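Participant: Sharing a structure, written as structure tokens. Questions coming.
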Amino acid sequence: MTTTVKRLPYDWYEIDAIEGWLDEQVREGLRLVSISGFGRALFVPSTGTLTRYRIHVKPERGISHDDEYRATFADLGWEYVDSYGKFFIYRSI
């Protein structure tokens, strides 16, 4: 499978801009697989419908609650993609 690596064009705190950029990548036929701590996003070709991305700040409760937090978002129709620093990245399902 062909992969594409792109550098995030925004700073980590520009959440709305990053979400918009990720949504733009979907429209260009790319699906996010992961984001590295160095601001590099890994994509694969997208064959599905258009999706939206959302970034949420990790709760302060600690790592032991990450699974519970992700499960709540899954119940609301969001698929966990990756974490980046203090942020969880989700896409609509």
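The values are calculated or read from the model by the stated rules, or taken from the named source; none is laboratory data. Here the structure is a predicted model, which means the values were calculated and not measured. Backbone-built Cβ (ideal geometry, glycine too); neighbour counts: all protein chains shown. Ligands, DNA and RNA are excluded from the accessible area calculation, which covers all protein heavy atoms including side chains. Shrake-Rupley method; radii C 1.70, N 1.55, O 1.52, S 1.80 Å.
Participant: So which residues in the range 22-41 are under 13 Å from Tyr84 (Cβ atoms) and surrounded by fewer than 16 Cβ atoms within 10 Å (Cβ to Cβ), if there are any at all?
Facilitator: Val33, Ser34, Ser36, Gly37, Phe38, Arg40
Participant: A follow-up question, please. Only one of Arg91, Arg52 is open to solvent by 30 Å² or more (accessible area, probe 1.4 Å), touching a Ser or Thr at 6+ places or on another chain (Cβ under 6 Å) and touching a residue at least 40 places away in the same chain (Cβ under 8 Å). Can you tell me which?
Facilitator: On the way: Arg91 fails: open to solvent by 30 Å² or more (accessible area, probe 1.4 Å).
Of the residues listed, the single one that is open to solvent by 30 Å² or more (accessible area, probe 1.4 Å), touching a Ser or Thr at 6+ places or on another chain (Cβ under 6 Å) and touching a residue at least 40 places away in the same chain (Cβ under 8 Å) is Arg52.
Participant: In addition: Can you name the number of the only condition in (1) aliphatic (A, V, I, L, M); (2) over 22 Å from Ile93 (Cα atoms); (3) assigned to a helix (DSSP H, G or I) that Val26 fails?
Facilitator: Here Val26 clears every test but (2).
Participant: Here's another thing I want to ask about it. Right, Glu19: modelled with pLDDT of 85 or more, within 15 Å of Tyr84 (Cα to Cα) and more than 13 Å from the chain's Cα centre (by Cα) or not?
Facilitator: Working: modelled with pLDDT of 85 or more: yes; within 15 Å of Tyr84 (Cα to Cα): yes; more than 13 Å from the chain's Cα centre (by Cα): no.
Here the answer is no, as Glu19 does not meet what is asked.
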